[in-house]
Amino acid sequence: MNRVGIVIVSHSPKVAEGAADMVRQMVGNEVPLAWCGGDPAGNLGTSVELILAAVEAAWSDAGVAILVDLGGAETNSEMAIEMLPAERQGKVVVCNAPIVEGAVIAATEASGGSALDIVRRTAEELSPQ
Amino acid sequence: MTEQGVALRKALVAATAKTILEHAEELTALDQAIGDGDHGINMKRGFEAVVADLDALAPKPWPDFLKGVGMTLVMKVGGASGPLFGTFFMTLGKELPIGPTADDVIRALRAAIVAVQARGKAEPGHKTLLDVLVPVVEQLEAGNRNLDGMVQKAHEASEATKPLKAIRGRASFLGDRSIGHMDPGARSSALMIAAVADVLKEVA
């Protein structure tokens with residue numbers, strides 16, 4: 001079964017990697033998972049190029065859910081989605097959820113084989129409405 | 001492609017990059033006050049990359065040139081400024097014909113603002129670059145195309161972001177503490193507008 005992929009985008013590579021470690025502990029290798037952090041110069045920040053590479057690495061025909069931390073991570077992720085080939089654009093979403101908890105719960109939902117919109121909704125239930 | 005077009009595109013990039021590089025520390029200081037303190041260094045890196053690519057970019061017609069500038073900024077600036085300024089230039093490129101008139105430029109500027117607004121999910125008054133771009137384009141749309149007037153409007157508008165409370169971006173975390181500081185994106189927008197006006201005055 002194709003499971004939804006999870007991408008973690010933080011300003012800090014350490015945060016992204018740490019969140020990914022927590023996801024792996026929960027779901028093992030059942031879910032395609034990639035992370036990135038840092039700006040194009042390697043400082044704190046985010047990079048469209050790295051986000052595109054992470055989406056590619058976690059690619060699944062079931063789609064990819066992106067978890068982000070602060071504003072620039074969201075803006076750069078949305079920019080990256082628009083730069084994907086047209087047939088992939090509709091299969092990638094940015095979840096409005098806390099990055100660590102969101103990644104873990106989204107991956108848990110994805111590991112059960114849920115569709116992309118369910119994965120996203122489950123993660124977003126963590127955010128105050 | 002005319003020689004003048006290539007020279008004008010080179011001059012516009014050179015002048016814009018020069019002002020960003022000269023003011024990088026000031027932009028960073030503004031961002032340290034209310035953001036994450038990387039605006040100057042990020043913009044500097046982005047425009048250095050555009051300059052490095054200039055020999056390949058400048059011979060392209062206006063639409064492809066502007067899309068190329070925007071794409072470079074998206075890839076190299078990082079932060080939220082990369083996609084915001086990148087979207088601005090990419091939309092200009094998408095909207096302009098190969099031989100644009102002044103009317104075409106003003107129409108494309110409005111489209112670029114709409115795209116930046118969607119990208120940043122911000123409105124005028126949120127203490128962002130829009131608070132410079134919107135009043136400047138409104139003045140142009142109203143028929144005042146005087147370049148000095150455009151620069152003056154841009155500087156006034158960037159000053160006018162000081163009393164605003166940030167609603168979008170990292171500065172919004174500060175709430176009321178963002179009041180009293182100029183928005184760094186508004187400042188860099190005003191600087192770029194002034195640089196573009198200087199170049200256009202020479203060819204006008």
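The values are calculated or read from the model by the stated rules, or taken from the named source; none is laboratory data. Source: prediction; values computed, not measured. As a convention, Cβ positions derive from the backbone with ideal geometry for all residues, glycine included, and neighbour counts pool all protein chains shown. For accessibility, only protein heavy atoms count, side chains too; no ligands or nucleic acids. Shrake-Rupley method; radii C 1.70, N 1.55, O 1.52, S 1.80 Å.
Highest mean packing comes first when the peptides B:8-21, B:140-153, B:68-81, B:123-136 are listed by Cβ atoms within 10 Å, giving B:68-81, B:123-136, B:8-21, B:140-153. Projected onto planes of every orientation and averaged, the convex hull of the alpha-carbon atoms in the stretch B:3-203 covers 9.6 nm².
Projected over every direction and averaged, the convex hull enclosing the alpha-carbon atoms of the stretch B:131-173 yields 3.2 nm². Inter-chain Cβ neighbour count for A:63-70, averaged per residue, equals 1 (cutoff 10 Å, partner chain atoms only). Within 10 Å of the Cβ of each residue in A:79-87, the mean number of Cβ atoms contributed by other protein chains is 2.
Rounded to two decimals, what is Rg over Rh for the stretch B:5-51 when you use alpha-carbon atoms and the Kirkwood radius?
On the way: Rg = 12.1 Å, Rh = 11.0 Å.
Here Rg/Rh amounts to 1.10.
For the protein assembly as shown, the alpha carbon positions stretch 65, 47, 33 Å along the principal axes, listed from largest to smallest.
Other residues with beta-carbon under 13 Å from the beta-carbon of B:GLY175 carry, at +1 per Lys or Arg and -1 per Asp or Glu, a net charge of +4. Need the C-alpha centroid separation for the stretch B:43-100 versus the stretch B:130-179, integer Å. Answer, in whole Å: 22.
Name the residue, out of A:ALA53, A:ALA103, A:ALA73, whose mean-square fluctuation peaks in a Gaussian network model built on chain A with Cα pairs under 10 Å. Looking only at A:ALA53, A:ALA103, A:ALA73, the biggest GNM fluctuation is shown by A:ALA53. Against the empirical 2.2 N^0.38 Å (N residues), the stretch B:1-122 has a Cα radius of gyration ratio of 1.06. Modelled label positions at B:VAL203 and B:GLU25, each set 7 Å beyond Cα in the direction of Cβ, lie 3.3 nm from each other. Calculated FRET efficiency, A:MET1 and A:GLU82, Cβ-Cβ r, R0 45 Å, to nearest 0.05? Step by step, r from the Cβ atoms, then E = 0.95.
Once the partner protein chains are put back, the stretch A:26-43 shows a loss of at least 20 square angstrom of accessible area, versus the chain by itself, at A:ASP39, A:PRO40, A:ALA41 (probe 1.4 Å, ligands and nucleic acids excluded). Proximity of backbone amide H atoms, modeled 1.01 Å from N, is registered between A:GLY5 and A:SER60, A:GLY63, A:VAL64, A:ALA65 at under 5 Å, excluding neighbours fewer than 5 places apart on the same chain.
Round to the nearest 0.05 the FRET efficiency obtained for A:GLN89 and A:ARG121 when R0 = 22 Å and r is the Cβ-Cβ distance. The partial results should precede the final answer.
On the way: r = 20 Å, r/R0 = 0.89.
Efficiency for this residue pair is about 0.65.
Rounded to the nearest 5, what % of the DSSP beta bridges within chain A are antiparallel ones? Show your work: numbers first, answer last.
Values: 0 of 14 bridges.
DSSP beta bridges in chain A are roughly 0 percent antiparallel.
For the stretch B:140-204, taking Cα atoms only, Rg and Dmax work out to 14.3, 44 Å respectively.
Using a cut-off of 24 Å between Cα atoms, the listed pairs B:LYS67/B:LYS162; B:LYS121/B:LYS165; B:LYS10/B:LYS127; B:LYS165/B:LYS201; B:LYS94/B:LYS127 include B:LYS67/B:LYS162; B:LYS10/B:LYS127; B:LYS165/B:LYS201; B:LYS94/B:LYS127 as exceeding that distance.
Taking every protein chain into account, the accessible area of the stretch A:74-129 amounts to 48 square angstrom per residue (probe 1.4 Å). For B:ASP183, the amide hydrogen comes within under 5 Å of the amide hydrogens of B:THR161, B:LYS162, counting only partners 5 or more places away or on other chains and with H modelled in the peptide plane. Each residue of the stretch B:187-196 was assigned a 3J(HN,Hα) from its phi angle through the Karplus curve 6.51 cos²θ - 1.76 cosθ + 1.60 (θ = phi - 60°); the sequence is 5, 5, 5, 4, 4, 5, 4, 5, 5, 5 Hz, with glycine and proline shown as x. Note on the stretch A:5-124: percent of Cα-Cα distances in each 10 Å bin, starting at 0 and stopping at the bin with the largest distance, equals 16, 54, 28, 2. Only helices enter this figure: runs of n ≥ 4 DSSP H residues, each worth -39500 (n - 2.57), summed and divided by the residues of chain A, yield -15000 deg cm²/dmol at 222 nm to the nearest 500. Computed over protein heavy atoms with a 1.4 Å probe, the carbon and sulfur contribution to the accessible area of the stretch B:3-203 reaches 57%. Protein-only accessible surface at a 1.4 angstrom probe places the residues B:ASP36, A:ASP61 in the order A:ASP61, B:ASP36, largest first.
For peptide B:70-78, compute the average count of partner chain beta-carbon atoms within 10 Å of each residue's beta-carbon.
Details: counts 0, 2, 0, 0, 8, 7, 6, 7, 16.
Neighbouring Cβ atoms belonging to other protein chains average 5 per residue here.
Contact with the other protein chains removes 20 Å² or more of accessible area, compared with the isolated chain and a 1.4 Å probe, from these residues of the stretch B:106-126: B:ARG119, B:LYS121.
Using Cα-Cα distances under 8 Å and only pairs 6 or more residues apart, what relative contact order does chain B have, in percent? Provide the component values of the computation, followed by the final result.
Numbers: 332 pairs, mean separation 44.0, N = 204.
Relative contact order comes out at 22 percent.
Calculated on the Cα set of the stretch B:39-93, radius of gyration then Dmax: 10.3, 30 Å.
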